[in-house]
Amino acid sequence: MEQKKRSLQAITARVLFIAAIMCIWEYVAKSGMMGRNSALIFPSLEAIGFAFIKNFTSGFAGASLWIYIGNSMKLLFEGLLIGIVLAFVLSGLSMMSSIFYDICNLVISVCDLLPGVALLPVVIIIFGVKPGVIVFLVVHAVLWPMARNVLDGFLAIPNIYIEAGMNMGLKGASLLFGVYLPAATSYIVSGLKVGWARAWRGLISAEMIFGVASCPGIGLFINQMRTNMNNAEMYATLIVIIIIGLLVQYGVLSTIEKCTVKKWGISK
Amino acid sequence: MIEKENCILEIRNMSKVFDADTETEKDVLKNVNLTVSKNEFLCVLGPSGCGKTTLLRCIAGFENYDGSVLINGAERRRPGIDRVMVFQDFNQLFPWKTVEKNIQYPLKINGIHNKEELNNRTREVLAKVKLSGHEKFYPYQLSGGMKQRVAIAKALALKPEIILMDEPFAALDAMTRNELQSELLRISTQEKCTFIFITHNIQEAIVLGTRIIVLAQHGKIIIDEENKITRPVTPASKGYGEMWERMHEALYQ
């Protein structure tokens, strides 16, 4: 009962907050207080809403926003998949060899500090302007924080689980899959959260800096809106970016949490 | 001297040094020799730091050591399911598996995949530890005593030659501890299995053990005797007081 009341309170507070922001926005937009460019800086809510629908119906250059979203998602998931698999391979190997661990630790620390966008010029020189570049940047964004988390998770496993595993005849790879991976799940999930957030931002930035014509994505779309001064459409696309981010956060990542660490009583 | 065919475990000249060649070098075990016969319930008593746990961990294969451990005459160096360990730590069950899966997982690893057989064994061992109906619980939903019961059930399901127990009841409250002692006693008389049970508690050793050894520093065996007191043992049993005195004196000398 107490909990229900609390969650109702949270929802009410959030809805009221958003409504208040929207009212202020609309007031600023309608009053024209920003001067000559008011309509550009603060397009009215109707204009944004209309642009939101228009993005999906007519879109830009004959392609609806769906196509751009589809392209972005395709590159994103390709990158995420490669990054996550590589993160597991790196941290798994690190647990098996101490020399590999030392080197891996160094590489993670160094690469984690490098913003993907800063690598962009180098990557373009090497690969040229191809969708592969964006995949590369997504891999770069997700791999290092993910590997760091998985590795930390492996190191934090209580000895008792490992000994219990050895006791029942697990060793080498079977110990890795049977004990290390499940025991590090809470670390893996938080690695996924960080990795996903970084990958999503990295993807949009890369697409904004250079759009790949053969595979145009959301970042390119928003950039084209900027070039054409379609400001209402620009805001509408920002909302789409936020919605996709939230969908993955709550739809995918929270579900993973609910089915693992929360179910096992490891995390509240 | 135990006859050869009745001997299940033989420890020959076992020595173990921690932090060798450093300032903190410590001889935990020095030349320990011990034989254990089939279906014996061996209780190992000893003061803290005498090497009880190290002895058990060497038998289980978790430590490197000098000397040899023979199970049915064959040398063992690494962990194996002929010697299953029940730890003191309540967290020895995997939190990501239900009670049922915790019991079945080691069986699956060791080649039992028949669903019916797995379920039968699970049901059987859970009944032995009086936890029938708790198959679908996750470890966090169980109390400490229940977790230790599951750990014992998990060990029994593997049908090992020897079950090694490192003070499994030490962190339990006195009532639960007594309850689990009498259940372990019942299980040990029904099972064809050898137990090596480490404890600090003299009462526990006398109630459970068919043979009791007391270790001093470096794993030196200072008492090694059969427990001839008629079971079930209570403090009122004939001979209990004298035995308790002897053990107590040896422990606190």
Using +1 on the beta carbon of Lys and Arg, -1 on that of Asp and Glu, and nothing else charged, what's the dipole of the protein assembly as shown about the Cα centre, debye to 20?
1720 debye
Which residue, A:SER58, A:SER31, A:SER254, tops the fluctuation ranking in a GNM of chain A built on C-alpha contacts under 10 Å?
A:SER31
When ranked by the protection proxy of mean other Cβ atoms within 10 Å per residue, highest first, what sequence do the peptides B:46-55, A:244-253 form?
B:46-55, A:244-253
If I take R0 = 35 Å and measure r between the Cβ atoms of A:THR57 and A:LYS268 in this structure, what FRET efficiency does the formula 1/(1 + (r/R0)^6) give, to the nearest 0.05?
0.20
Qualifying aspartates and glutamates (Cα of each under 18 Å from Cα of B:LYS238; at least 8 residues distant if same chain):
B:GLU204, B:GLU225, B:GLU226
From the Cα centre of the stretch B:83-154 to that of the stretch A:36-88, the distance in Å is 50 Å
The ³J(HN,Hα) series, computed from each phi in the stretch B:39-54 with the Karplus coefficients 6.51, -1.76 and 1.60 at θ = phi - 60°, rounded to the nearest Hz and given as x for glycine or proline, is 6, 7, 10, 8, 9, 10, 9, x, x, 4, x, 7, x, 4, 5, 4
Taking the Cα centre of chain A as origin, sum charge times position over the Cβ atoms of Lys and Arg (+1) and Asp and Glu (-1), and report the length of that vector in debye to the nearest 20.
580 debye
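Run through the stretch B:176-214 and list the trypsin sites (Lys or Arg not before Pro) located in a DSSP loop whose Cβ has at most 16 other Cβ atoms within 10 Å.
Numbers: sites: B:ARG177, B:ARG186, B:LYS192, B:ARG211; in loops: B:LYS192.
For trypsin sites (Lys or Arg not before Pro) across the stretch B:176-214 that sit outside H, G, I, E and B with at most 16 neighbouring Cβ atoms in 10 Å, the list reads B:LYS192.
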Could you order the peptides B:154-166, B:101-113 from most to least packed, using the average number of other C-beta atoms within 10 Å per residue?
B:154-166, B:101-113
Count the net charge of all other residues whose Cβ sits under 11 Å from the Cβ of B:TYR105, scoring Lys and Arg as +1 and Asp and Glu as -1.
+3
Loop sites in the stretch B:167-253: chymotrypsin sites (Phe, Trp or Tyr not before Pro), DSSP, at most 15 other Cβ within 10 Å
B:TYR252
Prolate/oblate/rounded label for the protein assembly as shown (Cα gyration tensor, a/c 1.5):
prolate
Taking chain B as a Gaussian network, where each spring joins two C-alpha atoms under 10 Å apart, which residue of B:ALA127, B:ALA236, B:ALA171 fluctuates the most?
B:ALA236
Pick out, from B:ALA216, B:GLN141, B:LEU29, the residue whose Cα sits farthest towards the positive end of the charge dipole of chain B, with +1 on the Cβ of Lys and Arg and -1 on the Cβ of Asp and Glu.
B:GLN141
Peptide A:261-268: average number of partner chain Cβ atoms within 10 Å per residue?
3
Candidate cut points under trypsin sites (Lys or Arg not before Pro) in the stretch B:115-144, DSSP loop plus at most 11 other Cβ atoms within 10 Å of their own Cβ, are B:LYS136
To the nearest 20 debye, what charge dipole does chain B have about its Cα centre, counting +1 at the Cβ of each Lys and Arg and -1 at the Cβ of each Asp and Glu?
940 debye
Connecting C-alpha atoms closer than 10 Å in a GNM of chain B, tell me which of B:VAL129, B:VAL84, B:VAL17 has the biggest fluctuation.
B:VAL17
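Okay, helix-only estimate at 222 nm for chain A: each DSSP H run of n ≥ 4 adds -39500 (n - 2.57), divide by all residues, round to 500 deg cm²/dmol; what do you get?
On the way: 12 runs with 197 residues, N = 268.
Mean residue ellipticity at 222 nm (helix-derived): -24500 deg cm²/dmol.
If you add up the charges near A:GLY116, with Lys and Arg at +1 and Asp and Glu at -1, over every other residue whose beta carbon is less than 10 angstrom from its beta carbon, what do you get? Don't skip to the end; give the middle numbers.
Details: positive: A:ARG198, A:ARG201; negative: none.
Around A:GLY116, the charge tally is +2.
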Could you give me the ³J(HN,Hα) list for the stretch A:188-200, computed from phi with Karplus coefficients 6.51, -1.76, 1.60 and θ = phi - 60°, whole Hz, x at Gly and Pro?
5, 5, 5, x, 4, 4, 4, x, 4, 4, 5, 5, 4
Degrees separating the helix B:99-109 axis from the principal Cα axis of chain B, which is the longest one
70 degrees
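Would you please classify the overall shape of chain A from the alpha carbon gyration tensor, given that a ≥ b ≥ c denote the square roots of the eigenvalues, rounded means a/c under 1.5, and beyond that prolate means a/b larger than b/c while oblate covers the rest?
In terms of gyration-tensor shape, oblate.
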Along the charge dipole of chain A, pointing to its positive end and built from +1/-1 on Cβ of Lys, Arg, Asp and Glu, which listed residue (A:ILE24, A:VAL252, A:GLY169) has its Cα farthest out?
A:ILE24
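May I ask for the net charge around B:GLU191, where only other residues with Cβ less than 13 Å from the Cβ of B:GLU191 are counted and Lys, Arg are +1 while Asp, Glu are -1?
For residues surrounding B:GLU191, the net value is +1.
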Residue-averaged beta-carbon neighbours from other chains (10 angstrom radius) around B:80-88
3
For peptide A:153-166, what's the mean number of Cβ atoms from other chains within 10 Å of each residue's Cβ?
4
Return a whole-number percent for the relative contact order of chain A, with Cα pairs under 8 Å and 6 or more residues apart as the contact set.
22 percent
Specify the inter-centroid distance of the stretch A:188-265 and the stretch A:1-19, based on alpha-carbon positions, in whole Å.
26 Å
Amide H neighbours of B:GLY80 under 5 Å, at least 5 residues apart or on other chains, H built in the peptide plane: list them.
none
With every protein chain left in place, what is the accessible area of A:MET96 in Å² (1.4 Å probe, nearest 10)?
120 Å²
Rounded tilt (10° steps) of A:116-127 against the dominant C-alpha axis of chain A
80 degrees
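The values are calculated or read from the model by the stated rules, or taken from the named source; none is laboratory data. Computed from a prediction, not measured in an experiment: that's the story for all the values here. Neighbour counts run over all protein chains shown; Cβ positions are idealised from the backbone, glycine included. Accessible surface is based on the protein model in full, side chains and every heavy atom, while ligands, DNA and RNA are left aside. Shrake-Rupley method; radii C 1.70, N 1.55, O 1.52, S 1.80 Å.
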